[in-house]
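Just below is one structure, and these are the notes that go with it.
The values are calculated or read from the model by the stated rules, or taken from the named source; none is laboratory data. The structure presented is a predicted model; accordingly, all values stated were derived computationally and were not measured. Counting neighbours? That spans all protein chains shown, and the Cβs are built from the backbone with ideal geometry, glycine included. For the accessible areas, the whole protein counts, side chains as well, though only heavy atoms, and no ligand, DNA or RNA atoms are used. Shrake-Rupley method; radii C 1.70, N 1.55, O 1.52, S 1.80 Å.
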Amino acid sequence: MDSSGAPRKLVVVGGGMVAQRFVEALRARDTAGTWQVDVFAEEPRKPYDRVALTKYFEVRDPEELTLGDPALWDDPLVTLHRDCAVTAIDREARTVTDRLGRVHPYDELVLATGSNAAMPPIPGNDLPGVFVYRTIDDVAALRGWVEEKRAAGTTEKGFVKPVRGAVIGGGLLGLEAAGALKALGAEATVIEFGTHLMGVQIDLGGGHALKRLINGKGIGVRPETATKEMKAHRRTGHVGHLDFADGGRLDVDVVVVATGVRPRDELGRASGLAIGERGGVVVDLDCRTEDPNVWAIGEVACIEGRCIGLVAPGYAMAEVVADRLLGGEATFPGADTATKLKLSGVDVASFGDAHGRTEDSMEVVWADPAAGVYKKLVLSDDARTLLGGVFVGDAAPYASLRPMLGSELPGDPGAFLLPEGSGNGAPALELPDDANVCSCNNVTAGQIRGAVTEHACTDVAAVKACTRAGTTCGSCLPLVKKITNTELERAGVTVSNALCEHFELTRAQLFDAVRVADLHTFTEIIGRFGRAAVVADGAEPVASPGRGCDICKPVVASILASLGNGHILSGEQATLQDTNDHVLANLQKDGTYSVVPRMPGGEVTPDGLIVVGQVAKDFGLYTKVTGGQRIDMFGARIEQLPDIWRRLVDAGFESGHAYGKALRTVKSCVGSTWCRYGVQDSVGMAVELELRYRGLRSPHKIKLGVSGCARECAEARGKDVGVIATEKGWNVYVGGNGGFTPRHARLFAEDLTDEELLRTIDRFLMYYVRTADRLQRTAAWIEDIEGGLEGVRQVVMEDSLGIAADLDAAMARHVENYEDEWRAVLEDPEKLRRFSSFVNAPKTADPSLAYVPERGQVRPATEAERASGVVIAGPKLEVRR
Amino acid sequence: MSVTEELPTAGAADGGEVRWERVCLHSDLLPERGAAALLGETQVALFRLADGEVVATQQLDPFSGANVMSRGIVGTRAGVPTVAAPVYKQVYSLETGECLETAGYSPRPGQEPRLVTYPVEVRDGVVHVAVP
Ligand SMILES: Cc1cc2nc3c(=O)[nH]c(=O)nc-3n(C[C@H](O)[C@H](O)[C@H](O)COP(=O)(O)OP(=O)(O)OC[C@H]3O[C@@H](n4cnc5c(N)ncnc54)[C@H](O)[C@@H]3O)c2cc1C
Ligand code: SF4
Ligand code: FES
C-alpha cells in the first residue's frame, strides 16, 4: 500500500500457467491487500492447464482444464482481462497499452507471456492442414480438421480411407501430438531431424528403445530426416505431401509442427529490455529485468542464460516474484528439468545430467532390447552420487530416484535398474526432508510428511489437496503415495488395503474370490477367506476369524447380491445387512425411516401421486421431492413399514432402493416428446434404463441421467452415467457425481444407437460393480483403473481384457432375476418378523418420538423443544386406515 | 409373534433390587441380530449371538439420542462380540458395553460413550432380563 493506503498497481501481461500461479501465490500471501492486480490475457479464457492440453481430446470441455480455484478471479483485488493482449509498454511513463488502445498505469509490471510454437521456415508451412500444438484453439482446430478429413474420406458404403498424419519434430511435444493423432483415429508418422527421438532428454541408447516402443503404438518414426517442403494437394489445395531432403516423400492429410518454442519477448524487445542470445527477456536470479519495476517469469524469462520450456521452473519464478513484491528475498533455486513423457503406454523419463556430460561421470545401463526397455543412471566417478538418469520402457524407478538427484544412493546403484519383482529389489530409499518430490509444484518430502503429521491428512487425496503435490503432471504421484503411506504407518494409521480385521482382501479381490469359489453364504466365505483376528499384546490369541463386522458384512452382502443369491433378507444374508437394507427403508436421525417408491425416469401418473399423497397423509408422514425426481416420505416407524408398503405395492409401486448401495434413480428431462428442442425421447430412455438396472447392488450408490438434447436440462453430467441425446443417437459420459467432491462426467462414447448404449452401460456398470473398492464412487474408481478413463474404455468398448461376454452375461442375469424386494417381503411372514417395534410389544410405538409442526407438516422436535413442552404430538398422532 | 404377546411383561418391582422380567421366547430372536424390548419405561436391546447366547444393552444410542441400538450390525472385534450403532457407526463391546470406536463423534450432551448392559438368562427357552 502507498502512504495513502490505496493498493499499489500491479500489471501482469499474459494469462498462462505461470501467471495463474503467480497471482495465486501473491494473493495467498498478500493478506494486507498491498497489491491491486490486473492480468491481461491474449487468449479468450481463464488460464488453463497447458501441460494437460492433450486431455482436451478426451474431455472436449475447456472448463476441465481450468487451473486452480476459479474463485481467484472473483477476488476484488484481481481483475482478469480476457482476450485483451497488451500491445505496448511505456517504461518511462510506467504504463501498458492494450489492444483496444486503453492505457493502464502500473507500479510494477510482470511479463508472463510464455512462448509461441516455433514455425520453421519450410516452404508450404502456411498451407491449410498444417497445425501447431500450443493452445486450446490449436487442438480444437486440429481435431475439427481430422474429423472433416475422415468424413470426406468415408464413402457411401461406409468404407473409410484413413487420415494420414505427420508430426514434424520428435521431442516430448511431437510424440504427444502423434499420440493425439492416433487417438483421433488418424495415422501418424514422426519426422525427426536428429539421430533419435527426444534428443534433448535422452541419449542414443534410450532413443533406440523408444523408437521400438513408439513403433509398437502404431506410430511411424523417420529419424535423421529434414523436411524440405510441404506441398499442396492438386485438387484441394490442402497440404498433400512432404518432400524430404533425402529425396523421400510422404503423403499426408494433416501435419503438426512441433519443432520447439520461441519465447514471446516482442514487448520486451520493443521497450528496449535486454534480450537473450536465443531470445527471452533477460532476468537475474530474482527474476527482475534491468528495469527495477519490470519482472519476467515463465517461458519468456531468460534466466541463467536460457529460457526453460517447462512449467516447474516457471512456477518457481512465480513464487520468487510474489515473495519479492512483498518484501522478501527469494531467489531462483535453479531449474529442475526432469521430464516424463505423457503418452499412454510409453514410459519415458529423464532427469538431471541425462547425457553424462559431467566430467568424470560414469554410467550404469540396463537394457532389454527385446522388451524395448533401456534404463541408465549417471553417477559421480565414485559411483555413489546420483547425477541423472534416463528411463525408457519402464519408468517405475523415476519417481523415487529423481528426488535423490545430487545425493548418495544407498547400496548398489545397479539394483535400482532391475525390473520390479526380479528378487533383488531396490534398496529402500528414505528421502531426506528437503528432497524435491513434486517438481511441478515444488513440494518436498518434508512437506508431504508434514501434511500427515501436522495437518492430519490421512490419505493421498488429502495430501494432494493440502500440498498441491501431484496435481499438475502427476508423474510424482507414486512417490507421494509411498511417502504418505510410510508416514501414516509411522503415525500408527493402518494403510493396508485389507477390508477389515476379518478379511485381508480388498473388495475387488473378495468379489473375484467369492465368484470363482462359487460361495453363497457368509459362513462359507469367512471360513474360507477370513483371517484370524489380530489381538493386542498380551491378550489371548484368537484362532477363528470371528463373525465379521459392520464393514465386511455389508460388503459381502453386496457381493452376494451382485452375484444373484436371491432376496437380500433370505437366510443368513439377513444378518449381513445394514439397518437400511434390513428394513428396506432409510434410517433418519430420530430412529424412524423414510420411504421412497420408485418412479422410473421421474415419471408418475396422477393416480400414483394421489396414492402417495394419501399414504403420507394417513400415516402422518412428512413429504419432500428428492433431487432424484421422486417423492420421499419421512417419519415412518419400523412397525408401520409393512402397512405403508402394502398400500404402495397394491397401487403398483415398487421399492426405490433409496436405502441401498444400488442404482438409485435415472433422472431425465422431458425430451423430444414435449420439449421444442429435444432430439430424442429422453424420458423413454430413462425409464428403460431405470427398469433395466433397478435393484443392481454396487460398491456405492449409482445415479444416471438422460437429457434430450445438448442443453442438458437433466444435469446428466453430474451422474455416474450421463446420457445426452444427439441428432444421431446418444453420447454417454461417465464418472460424474455430486456430493462432497463434485465431478463432471467425462465423454466415454459418442453417437450410440439404443442397443449400443445399453451394452456400453451394461459393461461399464458391471465392470465397476466387480472391481471397485468399498464405497468407491465411479470417478475415483476410474482413476484407479490402469490407464484411467482410456483403460476403462478399452475394456468396455474394445474388450481388451476379454471379459465383455462375461460382463454382458452377468447383467443379463441381473435383469432376468430382478424381483421387487418389498413385494417379496410382504408375501413372507418370516421376513415380516423384522418389522416389530418391540419383541414383547410388536405394535407399540417408540414412546420417545416427538414432533412439532412446521410449514404445514411435521418434523422431529429438537432437544430444546422437548424440554419446553411445545411438542404437539407423540408417535401416536393420526394413524387412520 | 403371537407367543410373545401372551408373556406377562410386568414383574414385581421392589425398589433397588433387580427384578427379572420374562421378555420373549429365545426363538423370537433372529440369529446375529438385535431386537428391542420394552420393560416398563425402559427400552432394552437384545442381541442373539452366533452361538445362541443372548445379551442385553440399553436401546438408546448415546451418540444420536435415538432408541435404535438393536438395529445395529452384530459382529466381532478380536473375538469380542460387538454391535455397531446404526446411525453414526460407533462400535461397542457386547461383553462390557464399552465403546471401542467413537468413529470421530462425541456423545450427545448428558450421555456417556458406553452402553449399560443388563444380565440375561434363558430358562426353558424363555429369555429373562434383569432390570434395576
Ligand atoms: C502439449 C504440451 C504439453 C506440455 N507438457 C509439459 C510437461 O509435461 N511438463 C512441463 O513441464 N511442461 C510441459 N509443457 C510446457 C508448459 O506448458 C509451459 O512450460 C508452460 O505453459 C509455461 O507457462 P507460461 O505461463 O510461461 O506460458 P504460457 O502457458 O504459454 O502462457 C503465456 C500466455 O500469455 C499470453 N500472451 C502472450 N503475449 C501476450 C500479450 N502481449 N498480452 C497478453 N497475453 C499474452 C499467451 O497467449 C499465453 O496464453 C507442455 C506444453 C504443451 C503445449
Ligand atoms: S435437455 Fe433439451 S430436450 Fe431436454 S428439456 Fe432441455 S432443451 Fe428440452
Ligand atoms: S511433479 Fe508434476 S505434479 Fe508433481
Where residues in the range B:17-37 are closer than 30 Å to B:S106 by Cβ and touching a residue at least 40 places away in the same chain (Cβ under 8 Å), which of them is farthest from the other protein chains (Cβ to nearest Cβ)? B:G34
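For every residue, the table says whether it meets (1) part of a loop (DSSP other than H, G, I, E, B); (2) hydroxyl-bearing (S, T, Y).
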{"position": "A:E64", "(1), (2)": "no, no"}
{"position": "A:L72", "(1), (2)": "no, no"}
{"position": "A:T87", "(1), (2)": "no, yes"}
{"position": "A:L100", "(1), (2)": "yes, no"}
{"position": "A:V110", "(1), (2)": "no, no"}
{"position": "A:M119", "(1), (2)": "yes, no"}
{"position": "A:K149", "(1), (2)": "no, no"}
Of the residues B:G72, B:G40, which single one is of a type outside the set (K, R), more than 9 Å from chain A (Cβ to nearest Cβ) and within 24 Å of A:P847 (Cα to Cα)? B:G40
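Given the criteria surrounded by fewer than 24 Cβ atoms within 10 Å (Cβ to Cβ) and either part of a loop (DSSP other than H, G, I, E, B) or away from ligand 2 (no atom under 16 Å from the Cβ) (or both), does A:A318 qualify?
Answer is no for this residue.
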Strands (runs of 3 or more DSSP E) within the range A:648-738 that include 3 or more residues on the phi < 0 side of the Ramachandran plot, open to solvent by 20 Å² or more (accessible area, probe 1.4 Å) and within 16 Å of ligand 2 (Cβ to nearest atom): none
Is it true that some residue in the range A:26-43 is near ligand 1 (Cβ under 10 Å from one of its atoms), open to solvent by 10 Å² or more (accessible area, probe 1.4 Å) and not aliphatic (A, V, I, L, M)? yes
Tabulated pairs, the range A:428-457, first within 14 Å of another protein chain (Cβ to nearest Cβ) and within 12 Å of ligand 3 (Cβ to nearest atom), second in a strand (DSSP E or B) and open to solvent by 80 Å² or more (accessible area, probe 1.4 Å), C-beta under 7 angstrom, 6+ apart or interchain: none
Among the numbered criteria (1) open to solvent by less than 10 Å² (accessible area, probe 1.4 Å); (2) modelled with pLDDT under 90, which single criterion is violated by A:L184? (1)
If you go through the range A:581-590 one residue at a time, do you hit one that is free of Cβ contacts under 8 Å to residues at least 40 places away in the same chain, out of contact with any helix residue (DSSP H, G or I) (no Cβ under 9 Å at 6 or more places or on another chain) and assigned by TED's automatic domain parsing to the domain that holds A:L826? no
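Yes/no per residue for (1) over 32 Å from the mean Cα position of the chain (by Cα); (2) within 16 Å of ligand 2 (Cβ to nearest atom); (3) open to solvent by 30 Å² or more (accessible area, probe 1.4 Å):
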| site | (1), (2), (3) |
| --- | --- |
| A:D107 | yes, no, yes |
| A:D137 | no, no, yes |
| A:K149 | no, no, yes |
| A:T155 | yes, no, yes |
| A:V163 | no, no, no |
| A:A178 | no, no, no |
Could you list, ordered by first residue, the pairs with Cβ atoms under 6 Å in which the first is in the range A:110-126 and open to solvent by 70 Å² or more (accessible area, probe 1.4 Å) and the second is more than 8 Å from ligand 1 (Cβ to nearest atom), at least 6 apart or interchain? A:N116/A:R262
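Go through A:T225, A:T195 for me and flag whichever is open to solvent by 40 Å² or more (accessible area, probe 1.4 Å), polar (S, T, N, Q), touching a residue at least 12 places away in the same chain (Cβ under 8 Å) and not in a helix (DSSP H, G or I). Spell out how you get there, then give the answer.
Numbers: A:T225 fails: open to solvent by 40 Å² or more (accessible area, probe 1.4 Å).
The unique qualifying residue is A:T195.
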Of these, A:L758, A:L775, which one is among the aliphatic types (A, V, I, L, M), open to solvent by 20 Å² or more (accessible area, probe 1.4 Å) and either within 16 Å of ligand 1 (Cβ to nearest atom) or within 14 Å of chain B (Cβ to nearest Cβ) (or both)? A:L775
Scan the range A:5-25 for residues that are away from ligand 3 (no atom under 16 Å from the Cβ), modelled with pLDDT of 95 or more and part of a helix (DSSP H, G or I) and report the count. 3
